[in-house]
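Below is one structure; the comments refer to it alone.
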Amino acid sequence: MILSSPRRAIPITPHERLGLSTLEDISKLILKSHGLNETLTNIVRLVASRMHTEVCSIYLLEDARLTLRATIGLPIGLVGRTQMAVGEGLIGYTAETCAVVNVNEPQNHPRFHYIESSNEESYHSFLGIPLFDRQHLIGVMAIQTTEPRVFDPIEISTLSTIAFQLSSVVASARLLDKLERDQADSSTLSSGLPDVAEPKEIVSVIRGTSAFAGVAIGPAFLIDESIGCSDFTDDEPIDSQSEKDRLEDALEKSRIETLCLEKRLAERLSEEDAAIFHSHLMILQDRVFIDKLHAKINEGRSVVYAIKHVVEDYVRAFRRIDDAYLRERAVDMEDIGRRMLSQLLDRNREPIHLNQPCIVVAKELMPSDVAMLDHHQILGLVLESADSNSHAVIIAKSLGIPALIGAKGGLRHIEPGAPLILDANSGCLHVEPSEQVRREYQRLQADSLRQKEQLEQYKDRDAVTCDGVRVALRANVGLLSDIEIAHRCGAEGVGLYRTEFPYMARTDFPDRESQYEIYRRVVESFEGQSVTIRTLDIGGDKMLSYFDAPSEENPFLGWRSVRVSLDHLDIFRTQIEAILMASTHGNVKLMFPMITNMDEIIRCKELVAEAKQKLLAEGWSVPDVPLGVMVEVPAAISLADYFAREVDFFALGTNDLVQYMLAADRGNSRIQHYYDSLHPAVLHAIAHMVDVAKRHKKELCICGEMASDPACFALLVGLGLREFSVSSPAILPLKALLSKLSSCELEKLGKVLLSEPHGRRIRERVENMISQAESKFSSEA
Ligand code: PEP
Ligand code: MG
């Protein structure tokens, strides 16, 4: 008997509990499968157990033949060997008719075809379901039972729904499988490069802004065909109900595709890097988003029109937001819309395939493009878009790939495969460089490679001056992927863990459990070393998309940081509890940002005490966690003696301190020359903090960017600082520098320079000392 086509998913009622009724089931399935074969095996196992059948098999359509690719119940030796044509046997019949085939006593069916050594004679029922990826048949799933069994319409519709959902899992697994195989097979660049008919006008240097420093030399790989929503044309509506059904299909398949992308990126980088897809998933499930799509269809529009227009509305709204991070989330919306439309309109999803190390040049890369690229093959990244917070840039930073943004005209002026030199230190991309330029960069590259090798020797050494004074060099981290980089650079723990990122990568506040999980991973990966976790520091230049924050004239002087936390005690308490829970796994210090007065410190301490009580009542044995404050506003410098009575440690946040002391916005390039970390007023404030910390026997660490600057670092050691937290790549160069400097000399210089009123002269004097020390060191070596 042939039943109706299963292409349209029939909504599952509470009675139909057999199905994969939730995305959670699918997500579990995807998470526990690695590669196509394992995915298929997990699917057949799951379906057989849900449907209580002895056999479940999947045949995939490959080169016009249906090949058995996974089975539970049939002899495993048949997998990969049993093949049939479309139309051959009951499997082929299911494929031929593209409909469910439900047969009792299959041996009696005229289309039955016995597969040798399959034991099929023992089975008395057969249900075949075609699998589709969008409009294309990709295979057949079949279940069989030993007992005669008539599958009722509810079971069939349930199985159709399962097949519908699983088709997307199979299609995604197949796509990824193809991608892996292509990447393994290929060795020549030419095959991966698009053909070009017209030669382009060659420009020798393209300028942009450095998003991650470094130099890369290699051929260009152009990604020019990034399809956005506007590239799809509206189609005519058929009728509202069928448009809504198409919408449901597109949503469901896009959710599954999103889960697959998340998993792929999590495996290649980290879960935190992949969390962007988690927010895509939330949008694909978001009631408001779906209602808006329905409203457009109710107006008589097609589903394509609805997706295009609703997504474009969101994109426009995101682009209008002041906050740079949120503005750039418009790309995520575009990516979601593009994936939904590709699902609907059967657009070819051939993955972008890099087949040798190259410099990727694109207008803009969407998160799904980034997930599909083979990161090992990317030597450098050049984007025409100037979004410094785009997902592609975040990933480039995590991987340590030189990246240039705002490189206007990159695609117009570069031929595919053209030799490039990306100098992201100076913000230049050299296109088809002359022999002389190429030689110069090759020499620079060789130098920097040699330098890198020399720095490696410092990795397991203490950070110590040539006269034996030891300092601590810890890492500033934000993403979980920063942990690996911190270890590679020999960081002695974490001096600043910025907790904003886990909040920013989501569409709602992370709950206690998920925060705990993230913090625990950071803490556990620095066993035996301290990890200073800072509570949420939003506001100023970083807001959360889902948080209803006021728009302010002066956000840096407004509702930011601990002020927000203290006004939202539910959020604050949750975070403090999660941090205390993580403290049971290692050496955690808890730190509060932007403290300006005593009341804030006292209130924060009360909240910590309450959270601890609550956790003790829940059975947690929370240790005594050292509490500290960031010193990053001038008021904290003045009150430091009083603060010292309340806290266990201080952290100098000079990124903010400098901007507040000198009234110079840290992000405004026009007044950058006013933003001087070696301004005498800043140095006096730091010297005061060293004195306060010494008198009160409190720890003092500096975690602002200035500590990564060699001249600043040397002078800070001279002023008596002994604890530093810097971005990881700065650690080894600073250790190497320190080994050449004498603390006595630095301290003498520090004293002298505290009476120097000119910032410029201060820098000159320190830089002089450094170059003298370096030349003395190299003449002795
Ligand atoms: C600082 O202000 O120096 C600091 C480390 O904090 P952030 O850069 O996160 O504001
Ligand atoms: Mg700060």
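Available extension along the chain between GLU513 and THR209 is 105.6 nm, counting 0.36 nm per residue and deducting the alpha carbon span. Which lysines have a Cα less than 22 Å from the Cα of LYS614, not counting those fewer than 8 places away in the same chain? Straight-distance partners of LYS614: LYS589, LYS605.
Taking all protein chains together and a 1.4 Å probe, the residues GLU456, GLU312, GLU120 rank GLU456, GLU312, GLU120 from largest to smallest accessible area. Pairs exceeding 24 Å between alpha-carbon atoms, taken from LYS253/LYS308; LYS748/LYS776; LYS694/LYS776: LYS694/LYS776. Taking amide H atoms as placed 1.01 Å from N in the peptide plane, the amide H of VAL55 lies under 5 Å from those of GLN144, each 5 or more residues away in sequence or on another chain.
Ordering HIS52, HIS124 by how much accessible area each has at a 1.4 Å probe, largest first, what is the list? Walk me through the numbers on the way to the answer.
Details: HIS52 135, HIS124 55 Å².
Per-residue accessible area, sorted high to low, gives HIS52, HIS124.
THR574 sits with roughly 40 Å² accessible to a 1.4 Å probe, with DNA, RNA and ligands left out of the calculation. Each label point was placed 7 Å from the Cα along the Cα-to-Cβ direction; for GLN451 and ARG488 their separation is 1.8 nm.
Using only the Cα atoms of the chain, construct the convex hull and provide its projected area averaged over every direction, in square nanometres to one decimal. It would help to have the intermediate numbers written out before the result.
Working: hull surface 154.8 nm².
Mean projected area for the chain: 38.7 nm², to one decimal.
Ordering 402-410, 518-526 by mean Cβ neighbour count within 10 Å, with the highest value first, yields 402-410, 518-526. For the set MET591, MET598, the ranking by accessible area, highest first and with no ligand, DNA or RNA atoms included, is MET598, MET591 under a 1.4 Å probe. Net length available on complete extension from SER434 to GLU299 is 42.6 nm, with 0.36 nm assigned per residue and the Cα-Cα distance removed. In this view, the solvent-accessible surface of SER210, computed with a 1.4 Å probe and all protein chains in place, comes to about 50 Å².
The values are calculated or read from the model by the stated rules, or taken from the named source; none is laboratory data. Just so it is clear, the model here is predicted, and its values are computed rather than measured. Positions of Cβ are generated from backbone atoms using ideal geometry, with glycine treated the same way; all protein chains shown enter the neighbour counts. All accessible areas refer to the heavy atoms of the entire protein, side chains included, with ligands and DNA or RNA removed. Shrake-Rupley method; radii C 1.70, N 1.55, O 1.52, S 1.80 Å.
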